[in-house]
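Heads up: the structure comes next, in structure tokens.
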Amino acid sequence: MIPAMDFHLLRSSTGFSAIRFFPRYPSPSPLRGRLFIKAKYHRELEAAVEAVERACRLCVDVNSLKNLNLTSCSLAIALVQRSLFSVEGRIIEKKDQTPVTVADFGVQALISLELSKSFPSIPLVAEEDSGFLRSNNLVDPVVTAVSDQMSFNKKSLSHDDVLEAIDRGGKNAFAMGTKPATYWILDPIDGTRGFVKGSQALYVVGLSLVVEGEIVLGVMGCPNWVVDATYKSTTHAQSYRNSSPGLGIIMVAHVGCGTWKKRLKNMLDSSTKISSDWTRCFVDGFCLVSDARFCIPESQTWESLPLSVLYKARIDDDNVGDKEICLLSAFCGSLCKYLMVASGQASVFILQARSEKLIKVWDHAVGMICVHEAGGKVTDWKGRELDLAADKVERRIVYPEGGILVTNGKIHNEILEMISSISSA
């Protein structure tokens, strides 16, 4: 296991990245010029960071178009705008009633193309496939969006190129078999309901790498995140919309090297200088359940969870009373909640498994390593680690018993004991 390191991602004049892990010293002084040690999967991490940054830029570009006057747009821009909503102005939904946009498909195609350039033999497990894209006539705007963000010169990116790239991560792309496998896991946009609201909510582009059954690295990009802000609610996050530049972070984790974050490049204002320094992320230090800050899925209520027997929830209120807990307002998507725990903004994310809703691996994989490397813990409600190989052929579904518990680690066992005792009673 690689010891804790200080993490720097440096860009050379040629545009390539160099990831450097410096042995951690107690001195807070800069560590420039010291001999660096490369992490085991440094090449994969470099590629993942670059791909997620480009994907976030694609999301910002697509989202910035939807408020334009349709009559003043070029055909390509008009197609991009139309793809965010149906002709009647309604959000386009898939069969499971979840929303989808051109950015979902564009991100999947872009990241698939970028990763296959450097790692053609590593398969991709991702959320989308091209069937929905074809049937809703959205191929043109996806090609346009992807072409604008490619890192390599591919002037004649065709429909087939994009459709094949999307389907590289689709359900029928390959069969894993029962042995430990190596593959990428991608959630192109976790929290699409937030994405279609523009800057009014948070969403995450999440990418992780599994090597022989173990998650070894993860990268999350959140374009609307406000750096160093303590979120008490979605409304609180929105209030920072017009603050000084600093919206957006990218968070990375590498097994044995910790979790780190830095500001995303300002994607709409190239004149703004953004620091390339990475800072270490740690979970919060709360040791009492009553002091903890909880996140739950937006589709579930506190009253539906076992802990509601012991604690009432106070929304966005730090001044909780006896037998009460602080419940943060819902943020769209699961990965944002993992990001909250990994960055110390929340203490607990708890999700109850439901028979009518499958739990998809891309909603959790990258968040798991970010929380683990930040000092937290992720298990099911029985205290077992999530089995990424439970879906033996496709690796697309996990089956946690009871649900998923994500914590700062300090109160994990206590919450498990509460859940167990309440369930037994």
Answer yes if at least one residue in region 287-294 is modelled with pLDDT of 95 or more, open to solvent by 70 Å² or more (accessible area, probe 1.4 Å) and either outside the structural domain of Ile215 (by the TED database) or on the phi < 0 side of the Ramachandran plot (or both), and no otherwise. yes
Give the residue, chosen from Val219, Val226, that is among the β-branched types (Val, Ile, Thr) and modelled with pLDDT under 90. Val226
Is there a residue being open to solvent by 50 Å² or more (accessible area, probe 1.4 Å), more than 27 Å from Lys262 (Cβ to Cβ) and not assigned by the TED database to the domain that holds Leu209 anywhere in region 362-380? no
Could you please find all residues in region 137-162 being polar (S, T, N, Q) and either touching a helix residue (DSSP H, G or I) at 6+ places or on another chain (Cβ under 8 Å) or part of a helix (DSSP H, G or I) (or both)? Thr144, Ser147, Gln149, Ser151, Ser158
Matching residues in region 121-157 - criterion: being under 16 Å from Arg168 (Cα atoms) and touching a residue at least 60 places away in the same chain (Cβ under 8 Å): Ile122, Pro123, Leu124, Val125, Ala126, Glu127, Glu128, Val146
Residue under question is Val107, and the condition is that it be assigned to a strand (DSSP E or B), surrounded by 13 or more Cβ atoms within 10 Å (Cβ to Cβ), out of contact with any Ser or Thr (no Cβ under 9 Å at 6 or more places or on another chain) and at pLDDT 85 or above; does it hold? no
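The values are calculated or read from the model by the stated rules, or taken from the named source; none is laboratory data. What you see is a predicted model; the values in this text were computed from it and never measured. With ideal geometry, Cβ positions are generated from the backbone for all residues, glycine too; neighbour counts draw on all protein chains shown. Keep in mind that these areas ignore ligands, DNA and RNA; they rest on the heavy atoms of the full protein, side chains included. Shrake-Rupley method; radii C 1.70, N 1.55, O 1.52, S 1.80 Å.
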